[in-house]
Amino acid sequence: ESGHIYIVKSTDKGETFGDTVRVDHLAEGFGQYPDLTVLNDTVYVTFMNHDADGLNPSYEVARSVDGGMSFESEVLAASIIPGESCDCCQPEILVDEESVIVLFRNNDENIRDIKAVRSLDRASSFTEWISLDDHNWYIESCPSTGPDGQFISDTKLAAAYKTEVDGDPKVFLNVYDLESGESTDLIEIYGATGTGANLNYPQISYDEYVIGLVWEDGNSQFYGLDESSLK
């Protein structure tokens, strides 16, 4: 409960790493669950912060404009959404020329769905929020499973996440159009009965019209997805 967020950087494709650099400027509270992304020489790091009593978790974003040598003071990002950040689910941060977006699991009176906040001024402020998940998963303890996402075009992002529907765990893929402010595709990738917490940690990758997803599943079976179902 007194730790901080740090990065190390390699400039030789991972062969060696430089000195440790502290990211946060927290005088109280403590940072957890970092994620980072890079655009040109600007490094963006998101992490969860709490108040001094370890309550009221919310995601912040710190920015480095000198390639990770130093970081500006963090900006509170997720507080524009009702509720608080789910306190043990990892985030995802995405950046392109237009947006900085943080995806995370929200907790609004134990409704724990995936939301996102968006900055249009390079993470100086976060003024828009997006709902990527409206399944209204009610759970009284943190499920410890966050989203993963990627931009798949100049205007669209794809997010994968686990939720539960009528008590059954499922993995969904949501393709969201930032221009229209709507989801264009919401696809149930996989649904199970009785696996509970064993279904977890979905991850997504995208390259040239191909979207791949992986997840942890306690069942020893193989499941395939026909490419025709992804438009």
| message | Within the range 136-200, what whole-number % of the accessible surface is contributed by carbon and sulfur, with the 1.4 Å probe and all protein chains included in the calculation? | response | 38 percent
| For the chain, with +1 on Lys and Arg beta carbons and -1 on Asp and Glu, the positive-most of Val8, Ala27, Phe104 along the dipole | Val8
| said: Among Asp35, Asp66, Asp113, which one shows the highest mean-square fluctuation when the chain is modelled as a Gaussian network with alpha-carbon springs under 10 Å? | reply: Asp66
| What part of the accessible area of the range 1-80, given as a whole %, is carbon or sulfur when the probe is 1.4 angstrom? | 48 percent
| task | Could you give the size of the charge dipole of the range 25-180 about its Cα centre, using +1 on the Cβ of each K and R and -1 on the Cβ of each D and E, expressed in debye and rounded to the nearest 20? | result | 220 debye
| note | A chain fully extended from Lys13 to Cys88 at 0.36 nm per residue, minus the present Cα-Cα distance, gains in nm 23.9 nm
| query | How large is the accessible surface per residue of the chain, computed with a 1.4 Å probe and reported in Å² as a whole number? | reply | 51 Å²
| message | Counting only other residues whose beta carbon sits under 15 Å from that of Thr11, what net charge do I get with K and R as +1, D and E as -1? | response | -3
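When only the heavy atoms of the protein chains count and the probe is 1.4 Å, how do Asp207, Asp12 rank by accessible area, highest first? Walk me through the numbers before you get to the answer.
On the way: Asp207 105, Asp12 50 Å².
Largest accessible area first, the residues go Asp207, Asp12.
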| field | Dipole magnitude of the range 152-220 about its Cα centre (Cβ charges: Lys, Arg +1; Asp, Glu -1), debye to nearest 20 | value | 220 debye
| query | Hey, what's the Cα Rg ratio for the chain versus the globular rule of thumb, 2.2 N^0.38 Å? | reply | 1.02
| note | the chain: longest segment with zero exposed chymotrypsin sites (Phe, Trp or Tyr not before Pro), where exposed means DSSP loop plus at most 16 other C-beta atoms within 10 Å, is residues 18-208
| field | Tally of Lys pairs whose C-alpha atoms are under 28 Å apart, taken over the chain, 8 or more apart or cross-chain | value | 9
| Contact order relative to length of the chain, as percent, for alpha carbon pairs under 8 angstrom and 6 or more apart | 11 percent
| Histogram of C-alpha separations across the range 6-103, 5 Å bin width, % | 2, 13, 23, 25, 18, 12, 5, 2, 0
| query | Residue separation times 0.36 nm, minus the C-alpha to C-alpha distance between Asp154 and Glu97: what's the value? | reply | 19.6 nm
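Which order do Glu60, Glu128, Glu97 take by accessible area at a 1.4 Å probe, largest first?
Per-residue accessible area, sorted high to low, gives Glu97, Glu128, Glu60.
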| field | Alpha carbon centroid spacing (whole Å) that separates the range 69-106 from the range 23-59 | value | 8 Å
| query | Say we join alpha carbon atoms closer than 10 Å with springs in a Gaussian network model of the chain; which of Thr155, Thr16, Thr46 then has the biggest fluctuation? | reply | Thr16
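The values are calculated or read from the model by the stated rules, or taken from the named source; none is laboratory data. This structure is a prediction, so every number in the text was calculated from the model and none was measured. Cβ atoms come from the backbone with ideal geometry, glycine included; neighbour counts cover every protein chain shown. Remember, those area values only see protein heavy atoms, side chains included, never the ligands or the DNA or RNA. Shrake-Rupley method; radii C 1.70, N 1.55, O 1.52, S 1.80 Å.
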